[in-house]
1. From (1) outside any strand (DSSP E or B); (2) over 30 Å from residue 165 (Cα atoms), pick out the condition that doesn't hold for residue 79.
2. Quick one: would you say residue 73 is crowded, with 17+ Cβ neighbours inside 10 Å and in the same structural domain as residue 179 (by TED's automatic domain parsing)?
3. Restricting attention to the range 102-127, report how many residues are in a helix (DSSP H, G or I) and among the β-branched types (Val, Ile, Thr).
4. Among the residues of the range 162-178 satisfying the criterion of being over 17 Å from the mean Cα position of the chain (by Cα) and surrounded by 13 or more Cβ atoms within 10 Å (Cβ to Cβ), which is farthest from residue 208 (Cα to Cα)?
5. Would the range 21-28 turn up any residue that is at pLDDT below 95 and part of a strand (DSSP E or B)?
6. May I ask you to say which residue of 28, 8, 68, 19 is farther than 23 Å from residue 83 by Cβ and either surrounded by 13 or more Cβ atoms within 10 Å (Cβ to Cβ) or in the same structural domain as residue 84 (by TED's automatic domain parsing) (or both)?
7. Any chance you could count how many residues in the range 84-108 are surrounded by 14 or more Cβ atoms within 10 Å (Cβ to Cβ) and under 21 Å from residue 122 (Cβ atoms)?
Amino acid sequence: SRRVRVAVRLRPRNAEEMVADADFADCVELQPELKRLKLRKNNWDSDTYEFDEVLTEFASQKRVYEGVAKPVVESVLEGYNGTVMAYGQTGTGKTYTLGRLGEEDAADRGIMLRAMEDILAEVSPENDLVSVSYLQLYMETVQDLLNPTNDSISIVEDPKSGDVSLPGATLVEIRDHKSFKELLQLGEAHRFAANTKLNTESSRSHAILMVHIKRSVKGRNSSLSSENGSMTLMGKTLKPQVVRKSKLVIVDLAGSERIDKS
């Protein structure tokens with residue numbers, strides 16, 4: 001029942017902007033201590049916005065994860081559902097923030113990898129289950145990025161519970177970091193191929209990573225007593241083991257300038 005938290009991140013200048021000597025300060029001012037951002041209209045007027053987190057262009061991937069996504073991951077591990085979404089124009093760093101694999105520098109790992117690292121460190125391989133689906137939503141079509149032949153998945157909502165399911169979507173069990181990283185690489189390759197087939201770009205589709213967690217919760221001990229004359233016997237009973245289900249959803253949204261076309 002927690003409210004939605006919103007963070008804003010300013011990406012560093014790219015090579016083209018550096019060559020042109022572009023200065024973000026001409027149009028935007030970040031005040032991370034006050035958690036504010038100012039957008040300059042002109043030299044004498046600006047609009048001010050407040051956020052839960054304001055991350056400068058110098059914020060590391062670790063800082064972004066810990067400030068934005070880690071609280072959601074911790075909540076999911078406690079049995080709640082949680083969602084992290086990246087929203088912004090094409091080229092603002094959404095995919096970098098979420099899906100960067102950190103192959104050249106481990107410090108560049110994005111939210112997806114860091115979230116799975118924390119999940120695998122917390123769950124029990126013997127008693128718990130972590131499984132993943134990786135999907136793409138384009139227009140009204142849900143495509144399976146782990147099985148490209150499955151290109152029309154239905155979205156079903158339970159009328160009683162309100163739970164949404166995607167029957168037929170590939171679900172892969174995750175045991176270690178390596179297999180998860182390979183799954184992300186496979187999904188991205190299929191996403192590129194699918195968009196090439198549609199003659200479109202990834203910036204016009206939403207990528208959705210769904211992490212399903214099932215954790216075994218041990219029942220509590222309770223004491224029983226029975227008296228036989230002056231003798232008291234103490235016994236213990238164990239409540240049945242409970243399976244707790246939760247879901248983490250990470251969404252790389254289409255470029256905000258194209259939302260109406262996706």
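The values are calculated or read from the model by the stated rules, or taken from the named source; none is laboratory data. The model shown is predicted, which means the values in this text are computed figures rather than measured ones. Neighbour counts run over all protein chains shown; Cβ positions are idealised from the backbone, glycine included.
1. All conditions are met except number (2).
2. Numbers: crowded, with 17+ Cβ neighbours inside 10 Å: yes; in the same structural domain as residue 179 (by TED's automatic domain parsing): yes.
Judged against the criteria, residue 73 is a match.
3. Taking the range 102-127 as the starting set, the residues that turn out to be in a helix (DSSP H, G or I) are 106-108, 111-122.
If we keep only those that are among the β-branched types (Val, Ile, Thr) as well, we get 111, 119.
The number of residues fulfilling the criteria is 2.
4. 168
5. Taking the range 21-28 first, the residues at pLDDT below 95 are 21-28.
Then keep just the ones that are part of a strand (DSSP E or B); that gives 28.
Checked the range 21-28: at least one residue is at pLDDT below 95 and part of a strand (DSSP E or B).
6. Working: 8 fails: farther than 23 Å from residue 83 by Cβ; 68 fails: farther than 23 Å from residue 83 by Cβ; 19 fails: either surrounded by 13 or more Cβ atoms within 10 Å (Cβ to Cβ) or in the same structural domain as residue 84 (by TED's automatic domain parsing) (or both).
The unique qualifying residue is 28.
7. We begin by selecting, within the range 84-108, every residue surrounded by 14 or more Cβ atoms within 10 Å (Cβ to Cβ); these are 84-88, 90, 92-102, 108.
With under 21 Å from residue 122 (Cβ atoms) added as a condition, the list becomes 84, 98, 102.
Within the range 84-108, residues that are surrounded by 14 or more Cβ atoms within 10 Å (Cβ to Cβ) and under 21 Å from residue 122 (Cβ atoms) number 3.
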